[in-house]
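The block underneath contains the structure these notes are about, expressed in structure tokens.
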Amino acid sequence: MSKVYIALQDNEESHYIVEAIEEDNPDSTVIYQPAMIRIENEGRMVIKRETVEDKMGRDWEIPALHVNLITLGGNVDEDDDELTLTWND
Amino acid sequence: MAVAAITENYVGERLDRVENFHGNQVLYIGWDHHLMFCAPVAFPVSPQAPFRQVLEELIPGAFSLHPEFGEIDWDEVQWHLNGEPFTPDMDATLAEQGIDHKSAVRFATPGLNGIKGCGS
Amino acid sequence: MSNRKLNLKDKYRLLTRDLEWEYSYRDYEEIFKQESFEGIKITDWSKWEDPFRLTMDSYWKYQAEKEKKLYAIFDAFAQNNGQQNVTDARYVNAIKLFLTGVSPLEYQAYNGFAHVGRQFGGVGARVACQMQSLDELRHVQTQIHAMSHYNKHFDGFQEFPHMHDRVWYLSVPKSFFDDARSAGPFEFMVAIGFSFEYVLTNLLFVPFMSGAAYNGDMATVTFGFSAQSDEARHMTLGLEIIKFMLEQHEDNVPIVQRWINKWLWRGYRVLTLVAMMMDYMLPNKVMSWQESFEVYFEEAATSLFKDLARYGIEMPAYAATAIEEKEHLSHQAWSIFYNYGHAAAFHTWMPTDQEMDWLSEKYPNTFDKYYRPRYEKWREMEEAGERYYNPTLPMLCQTCQIPMGFTDMENPTLTSYRQSEYDGERYNFCSDGCKDIFDHEPEKYVQSWLPVHQIYQGNCGGAEMEDVLGEYYRINLGVDNLDFHGSPDEERWNAWHNLQPAEDKLKEAS
Amino acid sequence: MTIEIKTATLEPIRHTFEHTRRRFGDKPASRYQEASYDIAPENNFHYRPMWQPDKLLNDTSRTAVVMEDWYAYRDPRQYYYGTYVQARAKLQEVTESNYAFFDKRGLAGRMSEEIREKIIRCLIPLRHMELGANMNNVLCTAYGTSTVVTQAFLYNGMDRLGIAQYLSRIGLLLDGNSGEALAQAKEHWMTDSAWQGLRRYTENTLVIEDWFEVFIAQDVVLDTLVYDLMYRQFDQTITEQGGSDLAMLIEFMQEWHKDNSRWVDATLKTTVAESEHNRELIRGWVADWQEKAVADLAPLAEIAVGEDAVSASVEVLNKRLAKAGL
């Protein structure tokens, strides 16, 4: 199976997002690189608004992810509650 | 294969027609396995020039900085013209021996393998 | 009245897709003239899916937030003379290449996406392209603003748009984008939206920006990452358009496959410049070209093409060649620029011993065997006061326009020559990829404005190289060009840091 | 101490790029200047476009207007991307809070059925015209010459999409997010005789080839008339009829039009002042499109405002044209 991935700028807000991703995608791998954080997972990854809000302790909208986003790989689907990345194998 | 364009007969202007070079044609020369010269070189040269001129003027001008240049035994050199083995006639013109516009001439120097034998 | 809340999908449908109407006073074909000539069959634009469903209110809001952050950093960088904090003045040459070679491509993307953003018949696709056009404008402008401060303290930035239209090595990226923009709207999307944005920009931006981070270049990291935050949207658009075309009609599949083959090769050749930047121009290295190629091309492309296999799309034809070349590419590119360092608007140099050791470690199969001896010879010549410059202009590939510095991978010290005849004239190429591209559309590629031929035709300011370089290219001779050692950039850098000239250091070191 | 040496050697070696120095003198250039002037490719294009083989990429002959220097323009707002999005984000924030207020207070429910119907019939269908305006301005970006011109067209184009979306949201505020108002409005746009003129005009502009003529037909003639008619006169009419809450929903359009007009006027003026050739050309386009617009808008003006509405808007247009030297 192929890996989907997402990379975020290494900053305070991203740390919360990464925490949320780790919680919702327990098999994912987090890789710290210069100035960026890359998270990979086999086949599918989900970023959930609710979990991020929980980590941040405030309201957060999915489109706000783009402010810190560097790159991603996989088919994207975004709605109000989550953004998912998938590969069809 | 014709290009797919919005109008029929898409014809682009050929920028490098030989007529545009003021009586010259372009000749490319490369020295095999001597990549200190990063790529073959290009010269504007008269199609009426004898090959001797290529050997005595153009080639030294381009390649003499190489430490092996002085060691070349020109009788042993193997030539290719546009990918085919070729024996140049020193006194015939380029045109007479089929070296036309944008032809590529390569030469190999057996026994000379570049700086420390690395092909440079 | 209690208003039910609209979700993102409904909102996008009502606010964007529903704006369209069926024309009755004019024909669809009059309004979207360019939609059919490429042979792509679209039966239903309403099947277009926009994964982000961005409306203008969100666009303005989030983009303004990004810009606010970005310009705060630019201001701080300039106020604090951040240019002093890069690892080494040699590093700045990487961003000179970036401003002259890459930023103008962002400009071309701005033009190109505006073009397709008008020409597609579906509003969803049009709007996505328009937003990308606007983003690309953002990128060129933020890059100019980031470099504006460097321009005040280093040479070689000052004529970037003039140079992009004329200088030999910039003809490589320029011809790439001219090629894409002169193609029809669907091919443009495969060329730029998919092949470049989806498959290749990661190779351009991510390692390079990490490199900037590793080399203390705050301004570049900031614009780079900020630009990348738009890139995720662009990548997704690129993938979406491919899927859309493939789903619309089976007849589209072979056309799309041919475009993918062509554009991945064309884009990969342009990235030769990046390979060289990564391995040679970053004093503090992040990862080698080979390593980033493995992660961002081989691994990522494999997943992608596995995903696209269900449509009958295969891994592009020349990927195997690109993979074979990964252990040679950057060294061959650096050799080209070292050869023609007198004709470039940035500086070149020979790697230090430590840097050569890094290259040996990263390229155990090739560096010591093929390249180190060459470099040591060049260094020796430099120390003898005879820094090597190639005295003759190079042979260029008709398609990619790069000097023919690539070799046959089965015989890596033999130049790779390819040739075609068309309409009574010979054309030369660096590779099968470039030759096939020409052979398929010779009418297009006979038009290439090849810098070396243009010089020989007398169209670049005169017969003397000084006229070409100084007058036509506007290289400030003896200042912008030649080796880094002995350059005014180096001299100023040393003065800022009270360092002894590198030449002296070089002598001591050897 | 090395501080003194450092300050001495940190003097910049130049103040700006060479192209901005040549144009504006040897001093630090503004961000607007560095981001806008002389950065578009102009020479040595490699291949003729497959989609228009008789021209080059970035060919200046895609309009009959002739400028000696296509960078003679200046956007009075000095918008480059950063200043543009920040200006719009500010306007957007105000608009969002207006819309939220309108929604939260249930102000739609306070409007009479008649007023609601009138807004849905006379105002909401404009969202389709705005989509046409979006396409027209993006066309000018794609085929226009010089960044200082083309970037402003793109900002305008995206603004029009934004306005189309705000108009749609007004519809949604009025129909409780059911989308019914939008469907009705579309039906008006497609079949209502009051709208057929404007729809015909819009479709006709979508086939104009000359991008500067597009600018005249859309941004100069039609927008001046429509924005005066709908966002001034219609706003007044609705207020008089008890629908004053509409005002907070169209503030964006009013503010935007004021802002955009500064650029339209400046662009028109610079072009007309360039030559008699340009003046005559533009005069012809204006006359042609004005005549069509007046006829095509009249039925809508009559149901939205009243009989003399169009002539009042024409007066506004004539004033603007006179100011631009026409």
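Readers should treat all values here as calculations from the given coordinates under stated rules, not as data from a laboratory. Being a predicted model, the structure only gives us computed values, none of them experimental. Note: ideal-geometry Cβ built from the backbone for every residue, glycine included; neighbour counts use all protein chains shown.
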Mind jotting down the distance between the C-alpha centroids of region D:52-85 and region C:447-475, whole Å?
-> 28
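Using Cβ counts within 10 Å as a stand-in for footprinting exposure, how do D:PHE102, C:PHE346 rank, fewest first? Don't skip to the end; give the middle numbers.
Details: D:PHE102 20, C:PHE346 29.
Taking fewest neighbouring Cβ atoms as first place, the list is D:PHE102, C:PHE346.
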So what J values fall out for region D:63-70 if you push phi through Karplus, 6.51 cos²θ - 1.76 cosθ + 1.60 with θ = phi - 60°, rounded to Hz, Gly and Pro as x?
-> 9, 7, 5, 10, 10, 5, 9, 6
Could you give log10 I(q)/I(0) at q = 0.11, 0.12 Å⁻¹ for region C:183-286, computed by the Debye formula over C-alpha point scatterers of equal weight, without solvent?
-> -0.40, -0.47
Quarter of the Cα convex hull surface for the protein assembly as shown, i.e. its orientation-mean projected area (nm²) = 42.3
What translational D, rounded to a whole number of µm²/s, comes out for chain D from Stokes-Einstein when the hydrodynamic radius is the Kirkwood one over Cα pairs, at 25 °C and 0.890 mPa s?
-> 113
Please order A:MET1, C:MET147 by the number of other Cβ within 10 Å, starting at the fewest.
-> A:MET1, C:MET147
Among the listed pairs A:LYS55/C:LYS66; C:LYS96/C:LYS444; C:LYS243/D:LYS55; C:LYS96/D:LYS27; C:LYS47/C:LYS174, those beyond 27 Å (Cα-Cα) | C:LYS96/C:LYS444; C:LYS243/D:LYS55; C:LYS47/C:LYS174
For C:LEU414, other-chain or 5+-apart residues with amide H closer than 5 Å (H placed, Pro excluded) are C:ASP408
Using every pair of alpha-carbon atoms in region C:169-213, split the distances into 5 Å bins beginning at 0 and state the percent of pairs per bin, rounded to integers.
-> 6, 21, 20, 22, 18, 9, 3, 1
If one builds a Gaussian network model of chain D from Cα atoms under 10 Å apart, the most fluctuating residue listed among D:LYS292, D:LYS104, D:LYS269 is D:LYS104
Candidate lysines - alpha carbon under 25 Å from C:LYS377, same-chain residues fewer than 8 apart omitted | B:LYS116, C:LYS285, C:LYS326, C:LYS362, C:LYS369, C:LYS505, C:LYS507
Amide H neighbours of B:GLN25 under 5 Å, counting only residues 5+ apart in sequence or on other chains, H built in-plane at 1.01 Å?
-> B:VAL45, B:SER46
Nearest 10 degrees, 0 to 90: helix C:103-119 Cα axis against chain C principal axis | 10
Averaged over C:150-158, how many beta carbons belonging to a partner chain fall within 10 Å of each residue's beta carbon?
-> 4
Mind jotting down the distance between the C-alpha centroids of region C:235-272 and region A:50-85, whole Å?
-> 28
Return the single residue from D:ALA293, D:ALA29, D:ALA266 with maximal mean-square fluctuation; model: Gaussian network over chain D, springs between Cα atoms under 10 Å.
-> D:ALA29
Would you please give the residues with an amide H less than 5 Å from that of B:LEU35, counting only those at least 5 places away or on a separate chain, with H modeled from the backbone geometry?
-> B:SER120
Which angle from 0 to 90°, rounded to the nearest 10, does the C-alpha axis of helix C:329-339 make with the longest principal axis of chain C?
-> 50
For the Cα atoms of chain C, what angle does the longest principal axis make with the long axis of helix C:372-383, in degrees from 0 to 90, nearest 10?
-> 50
Estimated vicinal HN-Hα couplings, Hz - region A:5-16 in sequence order (Karplus 6.51, -1.76, 1.60; Gly, Pro = x) = 8, 9, 10, 10, 4, 7, 8, 3, 5, 4, 4, 5
Tell me which lysines have Cα within less than 28 Å of D:LYS292's Cα, excluding those fewer than 8 residues away on the same chain?
-> C:LYS33, D:LYS118, D:LYS186, D:LYS258, D:LYS269, D:LYS319, D:LYS323
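Please report the relative contact order for region C:53-509, taking Cα pairs under 8 Å with a sequence separation of at least 6, and give it as a percent rounded to a whole number. Walk me through the numbers before you get to the answer.
Details: 564 pairs, mean separation 75.6, N = 457.
Contact order relative to length: 17 percent.
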Centre separation in Å (Cα based) which lies between region C:20-50 and region D:148-163 = 23
Values of log10 I(q)/I(0), in the order q = 0.15, 0.20, 0.21, 0.27 Å⁻¹, for region C:58-111 under a Debye, Cα-only, solvent-free model | -0.68, -0.98, -1.00, -0.99
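Most exposed first by the Cβ proxy, i.e. fewest other Cβ within 10 Å, how do C:ARG13, D:ARG160, D:ARG262 rank?
Details: C:ARG13 16, D:ARG160 27, D:ARG262 12.
By the 10 Å Cβ count, ascending, the order reads D:ARG262, C:ARG13, D:ARG160.
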Which aspartates and glutamates, on any chain, are close to C:LYS435 with Cα under 13 Å apart, when same-chain ones fewer than 8 places away are left out?
-> C:GLU421
Over all directions, average the projected area of the Cα convex hull of region C:53-509 and note it in nm².
-> 21.8
Phi angles of region C:65-77, converted by Karplus (6.51 cos²θ - 1.76 cosθ + 1.60, θ = phi - 60°) into ³J(HN,Hα) in whole Hz with x for Gly and Pro, give 4, 5, 5, 4, 4, 4, 6, 4, 6, 4, 4, 5, 4
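Within chain D, which DSSP H helices have Cα atoms that stretch 20 Å or more along the helix axis and a mean Kyte-Doolittle hydropathy of at least -0.5?
Values: long enough: D:81-104 (33 Å, -0.69); D:126-143 (26 Å, 0.08); D:147-174 (40 Å, 0.70); D:251-274 (35 Å, -1.01); D:276-304 (40 Å, -0.29); D:309-323 (22 Å, 0.31).
Both cut-offs are met by D:126-143, D:147-174, D:276-304, D:309-323.
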Whole-number percent relative contact order across chain A, with pairs defined as alpha carbons under 8 Å at least 6 apart = 38
